[in-house]
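A short write-up of the structure that comes next.
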Amino acid sequence: MSVAADRPRSPARRDGGRTLASHFVGYAVLIFFALVFLYPFVIQLANAFKSEPDAAANPLAPLPDPVTTAAFTRIFEGTGFPRWVGNSLVVTTVVTAGRVFLDSLAGYALARLHFRGRAAVTGAVVAVMAVPGVVLLIPKFLVLNQLGIYNSYTALILPVIVDAAGVFIMRQFFVSVPVSVEEAARIDGAGVFRTFWSVVLPMARPALITLTILSFQGSWNEFPHTLVAVQSPELFTLPRGVADLVSGSLGAGSQYPLKLGAALLATIPVAVIFLVFQRHFVRGAAEGASKE
Amino acid sequence: MSGSRRRGGIRGNEAVAGWLFVAPVVVILGLFLLLPILMALWVSLSGWNGQGSPFRADVPFVGADNYTRLFTQDGLARENFMTSIRNNAYYVLLVVPAQTVLALGLALVVNRRVLRGRSFFRTAFYFPSVTSSVAISVMFLFLFANTGAVNSLLSVFGLDGPQWFADPRGLLHLSLSGLGLVDLAHPPAALTDGGLLGLSWWEWLSGPSVAMSTIIILVVWTTSGTFMLMFLAALQDVPVQLEEASLIDGAGPWQRLRYVTLPLLKPTMFLVITLGLISTWQVFDQIYVMSQGNPAKTTLTPAYLSYRTAFKDFEYGSGAAISFVLFLLIVVLTLVQRWVMRDRDRVPRTRARLLPTRTRRS
């Protein structure tokens, strides 16, 4: 076995049988958990294509019998789904673009530019990261109501168009980049913004990709904010609409193919991005670990 | 400082540019975070019912009433709040250890160098963490439905699954009665007569309800992947020499785990546990989608109760007060975490210092 060859001096040779057994157990554990983590998605996919009686009778079966797209027809024709997708696309695009631009602008300033109050702003950003989102629900509603923008696209977008964690990720990135290139540009007479835009940002590509992906994911999946920002179904984003399907309009305990289909469609964009840009998600999680 | 004119000019530009660059972030965070917190603080001291502006003169000022009703006055407000605290406490008590152990276990197995397909397994375990909480909740509603996947799996083994989302019985109550210690229909008077903060001892000792346990399973399932990545990152920092040294010393796998790996993972362990504590006190989305506090208030949590009190019962003052109590709790947990993590920066250096001695000794 290659293992034994890797560690010729290890005591493993003595109990090669035990190594083999431990390998086997290792794989068994992994495969068991891979099933636990992935099979629910298989069930979701399969049941979205089942008829309602079939879903109730054979919820575990990975293959629908008969295969039907009735649930999807109803999703697109009988619910506000197309509208929610449109809203989610608009909100996610604007929020992601806004976060990437504004967070990197602020992150750069906090890392590089010398101005009075910089330490205070940095401290405030770090403090804000610790404010738990759920306790802000009532406060956010109060301010949106007071400003007269409750129940509008502005309410869905503006309060979340910057995020402290993104500012902090960008700051950490700029701190770690050598300053020499920008100094050269500055000495050549480029203004601060010009230097930022055409010299610094291109260098920051890896961090910008990470930030773009995290912002996209966060914004696409955002749910509680929509609860206190809008109430008209025409303004629902996808998570809000799907939640409404489940808890409100359709009632509990029925129409599972439809609900699962809607949830599945809501999952697909992030799933695709995750599979393509996996290492950026991983980096995001690792940065999440180091920022605290 | 060179003191030259030109340099001073650039720094002068920088001051303006610096503030311009941070202005959008400062303004938006101020307007939608700081200001609203102050507004909510006022509302939590008022009896505002959602009509008109909360800052008009005719909105009654009630002082600390909304807060005292949660703690000292006997009534529905306190009963609901304490029930939500109880539910969330049991939830935290089960979720945090379960997700930490599962994440660590998965990381240890995935990290084995000899393993093939590591990245596949890592992806598989992490995938649920990136998907929408609402979509996952819908999936679990189906999995645990009366005719759903879990009950159908249980029936393969000849077991009758409960009606998960309709079952308010507490797991601790069920275990006690299973052991024959109590009769659920006639709980012991010693426990039902006395009590604390509006709930009887019997109610405090319910354990999480069957319904709540589905949400516990869901959350452990979703979050373990993220924490596994944190453990994996830390495991990759464990020096290979250290492991080899312990192998040469003849340490078995368990001894190696116990005396070499786990001590090095201690900082990550603290991080995972405190992050877990902070996030489990904020559970909201899953409750909103799956149970709305039902059955029999056994899935009510402070976050959801605060939302419901304000937006369903229109008692904004009371809802805001619950938010602030929760806020305080989470801030304390966060401060503890940052205080603990402050030591973490020193860890790599300590490790680097320890390493040569350890290898030399072996």
**Message:** Please list, ordered by chain and number, the residues whose modelled amide H lies under 5 Å from the amide H of A:Asp65; skip anything fewer than 5 residues away on the same chain.
**Reply:** A:Ser51
**Message:** Residues of the range B:287-331 that become at least 50 Å² less accessible with every protein chain present than in their own chain isolated, using 1.4 Å: which are they?
**Reply:** B:Tyr288, B:Phe311, B:Phe327
**Request:** With a Förster radius of 30 Å, plug the Cβ-Cβ distance of A:Asn151 and B:Leu20 into 1/(1 + (r/R0)^6) and report the FRET value to the nearest 0.05.
**Result:** 0.40
**Request:** Take each uninterrupted DSSP H stretch in chain B, measure its Cα extent along the helix axis, and return the ones at 27 Å or beyond whose mean Kyte-Doolittle hydropathy is at least 1.0.
**Result:** B:76-110, B:210-236, B:316-342
**Item:** Charge dipole of the protein assembly as shown about the Cα centre (unit charges at C-beta), most positive-ward option of B:Gly225, A:Pro82, B:Trp42
**Value:** B:Gly225
**Label zone at B:Asp237, where the point sits 7 Å out along the Cα-to-Cβ direction: the range B:101-137 residues whose backbone N lies under 20 Å** = B:101, B:103-113
**Prompt:** Mind checking the mean number of beta-carbon atoms from other chains within 10 Å of the Cβ atoms in A:110-117?
**Reply:** 6
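What FRET efficiency comes out for B:Ala296 versus B:Asp58 if R0 is 41 angstrom and r is the Cβ-Cβ distance? Round to the nearest 0.05. All intermediate terms of the calculation are to be shown ahead of the outcome.
Working: r = 38 Å, r/R0 = 0.93.
After rounding to 0.05, the efficiency reads 0.60.
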**Prompt:** Which of the residues in the range B:37-51 lose at least 20 Å² of accessible area when you go from the chain alone to all protein chains together (probe 1.4 Å)?
**Reply:** B:Ile37, B:Met39, B:Ala40, B:Trp48
**Message:** Let me confirm one metric for peptide B:119-128, namely the mean number of other chain beta-carbon atoms within 10 Å of its residues' beta-carbons.
**Reply:** 6
**Request:** Could you tell me which of rounded, prolate or oblate describes the protein assembly as shown, using a ≥ b ≥ c as the square roots of the eigenvalues of the alpha-carbon gyration tensor, with rounded for a/c under 1.5 and, failing that, prolate when a/b is larger than b/c and oblate otherwise?
**Result:** rounded
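Which value at 222 nm does the protein assembly as shown reach when only helices count, each DSSP H run of 4 or more adding -39,500 (n - 2.57), with the total divided by all residues and rounded to the nearest 500 deg cm²/dmol?
On the way: 34 runs with 445 residues, N = 654.
After summing the helix terms and dividing by residue count, I get -21500 deg cm²/dmol.
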**Asked** Probe 1.4 Å, all protein chains in place: accessible area of B:Thr226 in Å², nearest 10?
**Response** 40 Å²
**Message:** 5 Å is the cut-off here: which amide hydrogens, built 1.01 Å from N in the peptide plane, fall below it relative to B:Gly170, excluding neighbours closer than 5 in sequence?
**Reply:** none
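Leaving out ligands, DNA and RNA, what percent of the accessible area of the range B:5-65 is carbon and sulfur, probe 1.4 Å? Don't skip to the answer; put the middle values down first.
Working: 2250 of 3310 Å².
That fraction is 68 percent.
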**Amide H partners (placed H, <5 Å) of B:Val182, local residues excluded** = B:Ser177
**Request:** Using R₀ = 56 Å, calculate the FRET efficiency as 1/(1 + (r/R₀)^6) where r is the Cβ-Cβ separation of A:Ile268 and B:Ala190; round to 0.05.
**Result:** 0.50
**Request:** With a 1.4 Å probe and every protein chain kept in, tell me what percent of the accessible surface of the range A:81-291 is carbon plus sulfur.
**Result:** 63 percent
**Three-way shape call for chain A based on the alpha-carbon gyration tensor, with the a/c threshold at 1.5** = oblate
**Asked** Using 7 Å Cα-to-Cβ label points, what is the A:Arg83/B:Asn49 separation (nm, one decimal)?
**Response** 3.1 nm
**Item:** Total accessible area lost when B and A pair, probe 1.4 Å, Å² to nearest 100
**Value:** 8600 Å²
**Prompt:** In nanometres, what is the gap between the two model label sites at B:Leu154 and B:Lys312, each 7 Å from Cα along Cα-to-Cβ?
**Reply:** 2.5 nm
**Prompt:** Among A:207-218, B:49-60, B:298-309, what's the highest-first ranking by average C-beta atoms within 10 angstrom per residue?
**Reply:** B:298-309, A:207-218, B:49-60
**Fill in**
When the charge dipole of the range B:196-295 is computed with +1 at the Cβ of Lys and Arg and -1 at the Cβ of Asp and Glu, the Cα pointing farthest to the positive end, of B:Pro239, B:Asn294, B:Ser200, is that of B:Ser200
**Prompt:** Modelled label-to-label distance, B:Val332 and A:Arg194, 7 Å Cα→beta-carbon offset: nm?
**Reply:** 5.6 nm
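Find me the longest stretch of chain A that has none of the exposed trypsin sites (Lys or Arg not before Pro), where exposed means in a DSSP loop (not H, G, I, E or B) with at most 14 other Cβ atoms within 10 Å.
Working: sites that count: A:Arg9, A:Arg14, A:Arg116.
Looking at chain A, A:117-292 is the longest stretch - no exposed trypsin sites (Lys or Arg not before Pro) with at most 14 other Cβ atoms within 10 Å.
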**Item:** Listed residues A:Thr96, A:Thr195, A:Thr267, most fluctuating in chain A (Gaussian network, C-alpha, under 10 Å)
**Value:** A:Thr195
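How many partner chain Cβ atoms sit within 10 Å of a residue's Cβ in peptide A:125-134, on average, as a whole number? Working shown, then result.
Working: counts 4, 1, 2, 5, 1, 8, 8, 14, 3, 16.
Going residue by residue through A:125-134 and averaging, the value is 6.
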**Asked** Can you list the HN-Hα couplings for the range A:153-160, worked out from phi with the Karplus curve (6.51, -1.76, 1.60; θ = phi - 60°), rounded to whole Hz and with x for Gly and Pro?
**Response** 4, 4, 5, 6, 9, 4, x, 10
**Fill in**
Per residue, accessible area of chain B with a 1.4 Å probe, heavy atoms of protein chains only, in Å², comes to 47 Å²
**Fill in**
Over chain A, with neighbouring protein chains present, the accessible area per residue in Å² at probe 1.4 Å is 43 Å²
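The values are calculated or read from the model by the stated rules, or taken from the named source; none is laboratory data. Since the model is a prediction, treat every value here as computed from it, not as a measurement. In this analysis, Cβ positions are derived from the backbone assuming ideal geometry, glycine residues included, and neighbour counts consider all displayed protein chains. Remember, those area values only see protein heavy atoms, side chains included, never the ligands or the DNA or RNA. Shrake-Rupley method; radii C 1.70, N 1.55, O 1.52, S 1.80 Å.
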